[in-house]
Amino acid sequence: MKNSQVSQESIISTAVFGRGGLETVEARPKPKGTPRGASAIPADDLRRKLTAVQPDDNKLPHLSVAGDTYTVLVSGNDTSGRHCLIDMYIPPGGGPPPHRHNFEETFTMLEGEIALVFRGEKLMARAGATVNIPANAPHSFKNASSRPARLLCMCSPAGLEQMFKRVGDPVNSRTAAPPGLSDTEKAERLQRAQAVASEFQTELLIP
């Protein structure tokens, strides 16, 4: 074996068992400033627990917001505020009004399609597509088809799910129809959303 010009202290090797015994398959420099034998990332926080859920679990928060049904799969409480994940069921004609927020938002389409308006430009997002909305960019979407649409919405950092809990109406399931609200009750929900939006880094772009 030829002598290496790189000292053992300056590399991290990945080893596997091959036909001839233990083989090194990867070598990469250690991060500078890392003490010998120490990790460059924090230790495992054993206080945090695994999150494993099923979207149709009736114990999850299912929330009716603006005629849609949002199921909170993973909240900021599960991720130390790093992100949240929401299962969105959008019936025909559904979708939020124009808005923007100071965090990243990513949609992954599972079923159906939505007409997305981003900075005034319209595009279609269909099942299989993934779309990332940059922080602070104005956008909205609508299900203009005759079939329900379903998408996963990830926000980073978390917080939007808490806003939905504040302004939404609890329903029994992921695909539940919205409650029959009067015009007065709908107006009250909108006023509530406008009142708390800034608390959750969100701005509703409603005239």
task: Give a residue-ordered list of calculated ³J(HN,Hα) values for segment 146-156 (Karplus: 6.51 cos²θ - 1.76 cosθ + 1.60, θ = phi - 60°; whole Hz; x for Gly, Pro).
output: 9, 10, x, 10, 9, 8, 9, 10, 10, 10, 9
- prompt: What size of dipole, in debye to the nearest 20, comes out for segment 100-157 about its Cα centre when the only charges are +1 on Lys and Arg C-beta atoms and -1 on Asp and Glu C-beta atoms?
  reply: 180 debye
field: Net charge, Ala115 excluded, C-beta distance under 12 Å - Lys, Arg +1, Asp, Glu -1
entry: +1
- prompt: When only C-alpha pairs under 8 Å and at least 6 residues apart count, what is the relative contact order of segment 114-207, in percent?
  reply: 21 percent
query: Where Lys and Arg each count +1 and Asp and Glu each count -1, what net charge lies around Lys142 among other residues with Cβ under 12 Å from its Cβ?
result: -1
- request: Could you grab the relative contact order for segment 38-195? Cα pairs under 8 Å, six or more apart, rounded to a whole percent.
  value: 28 percent
message: When a/c reaches 1.5 or more, the comparison of a/b and b/c decides; with that in mind, is segment 140-190 rounded, prolate or oblate per its Cα gyration tensor?
response: oblate
- line: Here, Ser145 and Leu181, labelled 7 Å along Cα→Cβ, have an inter-label distance in nm of 2.6 nm
query: Once fully extended, how much extra length lies between Arg166 and Asn102, figured as 0.36 nm per residue of separation less the alpha-carbon to alpha-carbon distance?
result: 21.2 nm
- prompt: Hey, can you rank 163-175, 65-77, 191-203 by average C-beta count inside 10 Å, highest first?
  reply: 65-77, 163-175, 191-203
- prompt: By count of other Cβ within 10 Å, fewest leading, how are Met124, Met88, Met154 ordered?
  reply: Met124, Met154, Met88
- prompt: When the dipole is taken about the Cα centre of segment 68-207, and only Lys, Arg (+1) and Asp, Glu (-1) are charged at their Cβ, what size is it in debye, to the nearest 20?
  reply: 200 debye
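Every read-out reported here was derived from the displayed coordinates using simple, explicitly stated rules and does not represent laboratory data. Bear in mind that the values here come from a model prediction, so they are computed numbers and not experimental data. Every residue, glycine as well, gets a Cβ built from its backbone with ideal geometry; the counts of neighbours run over all protein chains shown.
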